[in-house]
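Structure first, then comments.
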Amino acid sequence: MKAQPERTCIACRRKGKKGELVRITDSPAGVIIDYTEKLPGRGAYICPEKECIEKLLKPGGGAALSRALKRNVAPPAGEAFYEELSAKIKRKVSALLGMARKAGLLEYGFDAALGAARKASGGVIVVSDDLAENSRRRLLEKISGDVSLIYNFSDKEALGAVVGAPEPVGIIYVKPSELSRSLASELSLLSKVSRG
């Protein structure tokens, strides 16, 4: 695997791999999040931690961003920044779930997901936000292994659509793989930047 270049967070000055930090760039419409890191031009990087994001968003926080972008820019609007970042992470999570389905690494539905988790532990369990409390409790009782790999994401209707199921889906299991590791990373990031 190719080593990723290091970047420095403009808020806390911590160094991290390029993929661990969030890229921000300037556009004619203003400062935007370049989550896929594909937009042209100079970029600035920030840790996806609330402390660093809040430091960037507070009055005067735009100075570090202006220095990094080498032009005078206003800091992004607080709530809009969180909404944009969350939306981009959710799109990536949906794409990863779709890729896992196409690669045959995904099982959905209570029994199928639980059976796959028992056969190949170490993957990621995704449960819908609107999963019934009784189903959530049953899952926790029956699962053996690392419960830190259980994440909430979206609702049953959206999960069903993402995995191409004909009905709503409350539980998904993604077998251990590079995809499941990427998925866990994105879902963990989403929980960090969640305003709820």
- Query: Given the structure, is T36 of a type in the set (V, I, T), surrounded by fewer than 18 Cβ atoms within 10 Å (Cβ to Cβ) and within 30 Å of E157 (Cβ to Cβ)?
  - Reply: yes
The condition of being among the β-branched types (V, I, T) and within 18 Å of A80 (Cβ to Cβ) holds, among I10, I46, only for I46
Log entry, pairs with first residue in region 124-137 being in a loop (DSSP other than H, G, I, E, B), second being among the β-branched types (V, I, T), beta carbons closer than 8 Å, six or more apart or on different chains, reads S128/V169; S128/I171; L131/I171
The strands (runs of 3 or more DSSP E) lying entirely within region 1-41 that contain at least 3 residues which are free of Cβ contacts under 8 Å to residues at least 24 places away in the same chain are none
Residue within region 54-68 that is of a type in the set (D, E), part of a helix (DSSP H, G or I), more than 16 Å from L190 (Cβ to Cβ) and more than 15 Å from the chain's Cα centre (by Cα) present
yes
Taking region 164-179 and the residues there that are within 14 Å of A103 (Cα to Cα) and buried (at least 19 other Cβ atoms within 10 Å of the Cβ), the one that is nearest to the chain's Cα centre (by Cα) would be L179
Discussion item. I'd like to know if region 129-147 contains one or more residues that are hydroxyl-bearing (S, T, Y) and under 22 Å from I89 (Cβ atoms).
Written reply: no
Quick check: is even one residue across region 180-196 surrounded by fewer than 16 Cβ atoms within 10 Å (Cβ to Cβ), part of a loop (DSSP other than H, G, I, E, B), under 19 Å from the mean Cα position of the chain (by Cα) and among the basic types (K, R)?
yes
All conditions in (1) out of contact with any helix residue (DSSP H, G or I) (no Cβ under 6 Å at 6 or more places or on another chain); (2) farther than 23 Å from S191 by Cβ are true of D26 except (1)
query: Any residue in region 87-109 that is touching a Leu at 6+ places or on another chain (Cβ under 8 Å), aromatic (F, W, Y) and at pLDDT below 95?
result: no
Next item on the list: Go through the residues of region 110-121 one by one and say whether even a single one is over 15 Å from I171 (Cβ atoms) and in contact (Cβ under 8 Å) with a residue 12 or more places away in the chain.
Entry: yes
Exactly one of D155, D111, D130 is surrounded by 14 or more Cβ atoms within 10 Å (Cβ to Cβ), among the acidic types (D, E) and either touching a helix residue (DSSP H, G or I) at 6+ places or on another chain (Cβ under 8 Å) or over 28 Å from L85 (Cβ atoms) (or both), and that one is D130
Across region 46-83, the tally of residues that are in contact (Cβ under 8 Å) with a residue 40 or more places away in the chain and basic (K, R) stands at 4
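The values are calculated or read from the model by the stated rules, or taken from the named source; none is laboratory data. All figures in this text were calculated on a predicted structure; none of them were measured in a lab. Virtual Cβ from ideal backbone geometry, glycine too; neighbours counted across all protein chains shown.
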